[in-house]
Amino acid sequence: MVASDRPRRWPAYAVAVLFLGYAAGKAVFASQARLGFPGGPPVSAAETADYFLDPALGQWLAAATGVLAACVALATVTAPGRRVPRTLMLAVLTVMLLAGAGGAGIMILDGFVGIGVGWQWYHGVLGILVIWLLAAMTRSYATATRRLPR
């Protein structure tokens, strides 16, 4: 394998697209005051009744989180984002990786093992891809901003 001094930007762009897709899906469901995600398992009326927050408000908050995550992903490869202290950005990326891995882990478990949520095998494959992309983006940022010995 050949090492390159040039940082890889495509993982950040792919993560940004994924999070914008997540935000768009959440916005669609927010406009309908429904829980869930387009293409995911249906949410029963009983689960909606137990929801502690108005479904529309919860979905709008999730959409905003998706847009924020896409902005953070793009900040890892842009000049303004590179001015953020490295330690702070790595902490934020670590939290994103853990949160994304948590949600994707549920998709993976339910898609391949079946824990009763309703995700299918292809959702599990998408979960693996999301975890890999988040890890690649974090690694790419860490590599691109490392301090070289003098």
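The values are calculated or read from the model by the stated rules, or taken from the named source; none is laboratory data. Here the structure is a predicted model, which means the values were calculated and not measured. Cβ coordinates were reconstructed from backbone atoms using ideal geometry, including for glycine residues, and neighbour counts include every protein chain displayed. Please note that ligands, DNA and RNA were not included when accessible areas were found on the heavy atoms of the full protein model with its side chains. Shrake-Rupley method; radii C 1.70, N 1.55, O 1.52, S 1.80 Å.
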Return the ratio Rg/(2.2 N^0.38 Å) for the stretch 59-132, where Rg is computed over Cα atoms only. 1.30
Tell me the relative contact order for the chain as a rounded percent, counting alpha carbon contacts under 8 Å between residues six or more apart. 29
May I ask for the equivalent-ellipsoid semi-axes of the chain, computed as the square root of five times each C-alpha gyration tensor eigenvalue and listed largest first in whole Å? 32, 18, 12
Ranked packing of 80-88, 98-106, 133-141, 65-73, most packed first, by mean Cβ within 10 Å: 133-141, 65-73, 98-106, 80-88
With n ≥ 4 as the cut-off for DSSP H runs, can you work out [θ] at 222 nm for the chain, using -39500 (n - 2.57) per run divided by the number of residues, rounded to the nearest 500? -23000 deg cm²/dmol
Going toward the positive end of the dipole of the chain, with +1 on Lys and Arg Cβ and -1 on Asp and Glu Cβ, which of Gly102, Gly127, Leu88 do you reach last? Leu88
Volume per residue that the Cα convex hull of the stretch 82-124 spans, once the total is divided by residue count, Å³: 64
Considering only protein heavy atoms, with the full assembly of protein chains and a 1.4 angstrom probe, order Ser31, Ser44 by accessible area, largest first. Ser31, Ser44
Express the carbon and sulfur contribution to the solvent-accessible surface of the chain as a percent, rounded to the nearest whole number, probe 1.4 angstrom. 69
Hey, can you find the accessible area per residue of the chain for me, probe 1.4 Å, expressed in square angstrom? 62
